[in-house]
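The values are calculated or read from the model by the stated rules, or taken from the named source; none is laboratory data. Being a predicted model, the structure only gives us computed values, none of them experimental. In this analysis, Cβ positions are derived from the backbone assuming ideal geometry, glycine residues included, and neighbour counts consider all displayed protein chains.
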Amino acid sequence: MSAAARRALVTGASGALGAAICRALARSGHEICVHAHQHGEQAEALAQALRADGASAGALQFDVTDQAATGAALARLLESGPIQILINNAGVHDDAVLPGMRATQWHRVIDVSLHGFFHVTQPLLLPMIRTRWGRIINMSSVAALTGNRGQVNYAAAKGALNAATKALSLEVASRGITVNAVAPGIIATGMSEPKFDAAAIANLVPMKRAGSAEEVASLVGFLASAQAGYITGQIISINGGMI
């Protein structure tokens, strides 16, 4: 591992976007900690594939909404050294218009995106601060910036995450740590394909196409690099011109 290589944790890495982010960071020489909750076998398969390509990678499994379990898993992870790149990518959709939304739908989405951010980020901060270098990148959404019918819970969770991004960036800026959020639009993944057909994409996106997970991962990879050291507290959209 080169002097510029860091330990990176990507939460929710069993999906297409998380996996693409892991691969992008691995190409930069970083050690990758691949996280999953329900799909631990996919996280392990990705870690094995990264190792086969010459990267240093391992998988871990815990529920980001469970503070005790998350804290215990992260304590074990920190035994091998600090995490200096954290990608808070774990998130879920549970869509319904608000008049018909169940309380469980509201709480589940908030718990994963927002409470999960706290449960993962807070234990990693002091070890990161002691190194005086860090990158925290929170995966947000265009829904937090423009709203979206049927996603009041998701927009609320990601909007709060945007606000937390800005506030945390102020707390750690003097310690060499940047904190940014990436807000993708319509990205071609298994999660988005059932929701947006070609006609809908052409109507919503000025570029007339969905973005790719690799395009988002490239942006995340740049924000995690030394070259992005003067970018912090920003909500960066990648959405083909939607806003």
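Write out, first by first residue and then by second, each pair whose Cβ atoms fall under 7 Å of each other, whose residues are 6+ apart or on separate chains, and whose first residue, in the range 109-134, is free of Cβ contacts under 8 Å to residues at least 60 places away in the same chain while the second is of a type in the set (D, E, K, R) and part of a helix (DSSP H, G or I).
Short answer, once both residue conditions are applied: Ser113/Lys158; Ile129/Arg175; Arg132/Arg175.
Can you say whether Asp94 is acidic (Asp, Glu), touching a residue at least 40 places away in the same chain (Cβ under 8 Å) and either in a loop (DSSP other than H, G, I, E, B) or more than 27 Å from Lys166 (Cβ to Cβ) (or both), as far as the supplied structure shows?
Details: acidic (Asp, Glu): yes; touching a residue at least 40 places away in the same chain (Cβ under 8 Å): yes; either in a loop (DSSP other than H, G, I, E, B) or more than 27 Å from Lys166 (Cβ to Cβ) (or both): yes.
The answer is yes for Asp94.
If you check Glu171, Glu214, which single one turns out to be of a type in the set (Asp, Glu) and within 21 Å of Ser28 (Cα to Cα)? Walk me through it before giving the result.
Details: Glu171 fails: within 21 Å of Ser28 (Cα to Cα).
Residue meeting the stated conditions: Glu214.
With Ala36, Ala49, Ala20 as the choices, which residue is among the small types (Gly, Ala, Ser) and closer than 17 Å to Val120 by Cα? Explain how you work it out, then say what you get.
Numbers: Ala49 fails: closer than 17 Å to Val120 by Cα; Ala20 fails: closer than 17 Å to Val120 by Cα.
Result of the check over Ala36, Ala49, Ala20: Ala36.
If you go through the range 143-164 one residue at a time, do you hit one that is of a type in the set (Val, Ile, Thr), buried (at least 16 other Cβ atoms within 10 Å of the Cβ) and under 27 Å from Ser28 (Cβ atoms)? Write out each step before concluding.
Here is the first cut: in the range 143-164, the ones of a type in the set (Val, Ile, Thr) are 146, 152.
From the residues that got through so far, the ones that are buried (at least 16 other Cβ atoms within 10 Å of the Cβ) too are 152.
Among the residues that remain, those that are also under 27 Å from Ser28 (Cβ atoms) are: none.
Within the range 143-164, not a single residue is of a type in the set (Val, Ile, Thr), buried (at least 16 other Cβ atoms within 10 Å of the Cβ) and under 27 Å from Ser28 (Cβ atoms).
Among the numbered conditions (1) over 18 Å from the mean Cα position of the chain (by Cα); (2) at positive phi, tell me where Gly12 comes up short.
Only one criterion in (1) over 18 Å from the mean Cα position of the chain (by Cα); (2) at positive phi is unmet by Gly12, namely (1).
Under the condition of being touching a Lys or Arg at 6+ places or on another chain (Cβ under 6 Å) and surrounded by 19 or more Cβ atoms within 10 Å (Cβ to Cβ), which residue from the range 116-142 is farthest from Ala68 (Cα to Cα)?
Applying the first criterion (touching a Lys or Arg at 6+ places or on another chain (Cβ under 6 Å)) to the range 116-142 yields 129, 132, 140-141.
Applying the additional criterion that residues be surrounded by 19 or more Cβ atoms within 10 Å (Cβ to Cβ) yields 140-141.
On the way: Ser140: 25, Ser141: 28 Å.
Top of the filtered list is Ser141.
Do we find a residue being aromatic (Phe, Trp, Tyr) and either at positive phi or outside any helix (DSSP H, G or I) (or both) anywhere in the range 148-167?
Let us first name the residues in the range 148-167 that are aromatic (Phe, Trp, Tyr), namely 154.
Add one more test, that the residue is either at positive phi or outside any helix (DSSP H, G or I) (or both), and what stays is none.
So far as the range 148-167 goes, no, none of its residues is aromatic (Phe, Trp, Tyr) and either at positive phi or outside any helix (DSSP H, G or I) (or both).
In the list Gln38, Gln84, which residue meets the criterion of being within 19 Å of the chain's Cα centre (by Cα) and either more than 27 Å from Ala4 (Cβ to Cβ) or modelled with pLDDT under 95 (or both)?
Numbers: Gln84 fails: either more than 27 Å from Ala4 (Cβ to Cβ) or modelled with pLDDT under 95 (or both).
Sole residue among the options that is within 19 Å of the chain's Cα centre (by Cα) and either more than 27 Å from Ala4 (Cβ to Cβ) or modelled with pLDDT under 95 (or both): Gln38.
Working only within the range 207-239, note down all residues that are on the phi < 0 side of the Ramachandran plot, of a type outside the set (Val, Ile, Thr) and assigned to a loop (DSSP other than H, G, I, E, B).
Filtering the range 207-239 for residues on the phi < 0 side of the Ramachandran plot gives 207, 209-232, 234-239.
Add one more test, that the residue is of a type outside the set (Val, Ile, Thr), and what stays is 207, 209-215, 217-219, 221-230, 234, 237, 239.
Within the range 207-239, Met207, Arg209, Ala210, Ser212, Ala224, Ser225, Gly229, Tyr230, Gln234, Asn239 meet the criteria.
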